[in-house]
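The values are calculated or read from the model by the stated rules, or taken from the named source; none is laboratory data. Treat the numbers as computed from the prediction; the structure is a model and nothing was measured. Positions of Cβ are backbone-derived with ideal geometry, glycine not excepted, and every protein chain shown enters the neighbour counts. For accessibility, only protein heavy atoms count, side chains too; no ligands or nucleic acids. Shrake-Rupley method; radii C 1.70, N 1.55, O 1.52, S 1.80 Å.
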Amino acid sequence: MIKIAILGDIGSGKTFVSKLFELPTFNADEEVIRIYRNNKQCFYKLRKKFKNKKISFPINKKDLINLILEKKNNLKIINKIVHPIVRNKMKNFLKKNKRKKAVVLDIPLLLENKLNKKTDFLVFINSKKKDINKKLKQRKSNLKLINRLRKFQLPNKIKKNRANFIINNNFRKFNVKKNVIIIKKKILKNERSYS
C-alpha cells in the first residue's frame, strides 16, 4: 500500500487537497473531533490532568482552546493524551485499507510525531501567506491559538525540502485538481520526482 502524506501550514488547504486525491483518507483533525465527542477515557484523563478547570463531556473545543491559550505547557499535556488515541485510529485505518493501492494521510503533526516511513510519499501544499490569512479570517479562526499551534510544528521550509512533490494551492479547485491528477499518476507509478 502506498501512503501519501499531505504536509503544509495551518490553513494552506491540506484537507481540500486531500479530498481531490479521491482515495481513502485518514484526517487526524476529524478524528480528534470524534474523540472529543465520543471517547470517555480521553475525557477522564483530561479532567484528571486539569482538575480545577472546566471540562465537560462531550469535550467542548472552546474549553480546550481556553486551556491552550492560558498556559503554553497545556497544549503539550493535551497532545500527550490525545495523540496516542489518534495513532491507534490511524493504525486501524491502515489495517482496514491494507488491500487498497494507496491511501492519503492528512495529519498536521505527521513529521513532528515521526509517523511517516521512508517509503511514504510526502506532498507539500504551498500557499501564499496572504491567501492563508484570508482563509483563516473567513473561518473566523483564533489567530492567537493558531500561532501557538504553529510553534509545535516544523518550519514550512523543512517540510517543503523533505517533500517529494509540491502543490501550489491558489484555492482555485480547477488548477489544483490538475496538479493532483498528475502527481497521483506519478505516485501510483512509484515515481519520486517533482517534475
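What to note about this one:
- Length-normalised contact order for segment 1-152 - Cα pairs under 8 Å, 6+ apart - percent: 50 percent
- Phi to ³J(HN,Hα) by Karplus 6.51 cos²θ - 1.76 cosθ + 1.60 over segment 34-51, Hz, x for Gly, Pro: 5, 4, 5, 7, 10, 8, 6, 4, 4, 4, 4, 5, 5, 5, 5, 6, 10, 3
- With every protein chain in place, segment 1-136: carbon and sulfur % of accessible area (1.4 Å): 50 percent
- Residue with peak Gaussian network fluctuation, the chain [Cα springs, cutoff 10 Å], from 177, 159, 76: 76
- Gaussian network model of the chain, springs between alpha carbon atoms under 10 Å - residue of 41, 138, 153 with greatest fluctuation: 138
- Across segment 40-100, C-alpha contacts under 8 Å between residues 6 or more apart give a mean separation that, scaled by the residue count, equals a relative contact order of 28 percent.
- Summed over the residues of the chain and divided among them, the accessible surface reaches 62 Å² per residue at a probe radius of 1.4 Å.
- Among the listed pairs 3/177; 49/129; 114/173; 101/130; 80/159; 14/101, those beyond 26 Å (Cα-Cα): 49/129; 114/173; 101/130
- Segment 135-195 pair-distance distribution - Cα-Cα, 10 Å bins, rounded %: 18, 33, 35, 14, 0
- Rg/Rh for segment 87-195 (Cα atoms only, Rh after Kirkwood) is 0.97.
- Here's how it looks for residue 25: its modeled amide H is under 5 Å from those of 104, which are all 5 or more places away or on a different chain.
- Scalar couplings 3J(HN,Hα) for segment 150-164, obtained by applying the Karplus form with A = 6.51, B = -1.76, C = 1.60 to θ = phi - 60°, are 4, 5, 8, 9, 5, x, 4, 4, 5, 4, 4, 5, 8, 6, 7 Hz; x denotes Gly and Pro.
- Unit Cα scatterers, Debye sum, segment 2-106: log10 I(q)/I(0) for q = 0.14, 0.15, 0.17, 0.22 Å⁻¹: -0.64, -0.72, -0.87, -1.16
- Where Rh is the Kirkwood radius over Cα pairs, Rg/Rh for the chain: 0.98
- Table column - 3J(HN,Hα) (Hz), segment 130-147, Karplus curve with 6.51, -1.76, 1.60, x for Gly and Pro: 5, 5, 5, 4, 4, 4, 5, 5, 4, 7, 6, 6, 7, 5, 5, 5, 4, 5
- Taking 20 Å as the straight-line reach from the Cα of residue 184, the aspartates and glutamates in range (excluding those fewer than 8 positions away in the same chain) are 22, 106, 120.
- Of the chymotrypsin sites (Phe, Trp or Tyr not before Pro) found in segment 69-176, those in coil by DSSP whose Cβ has at most 15 other Cβ atoms within 10 Å are 152, 171.
- The helix-based estimate of mean residue ellipticity at 222 nm for the chain, built from -39,500 (n - 2.57) per DSSP H run of four or more residues and divided by its residue count, is -16500 deg cm²/dmol to the nearest 500.
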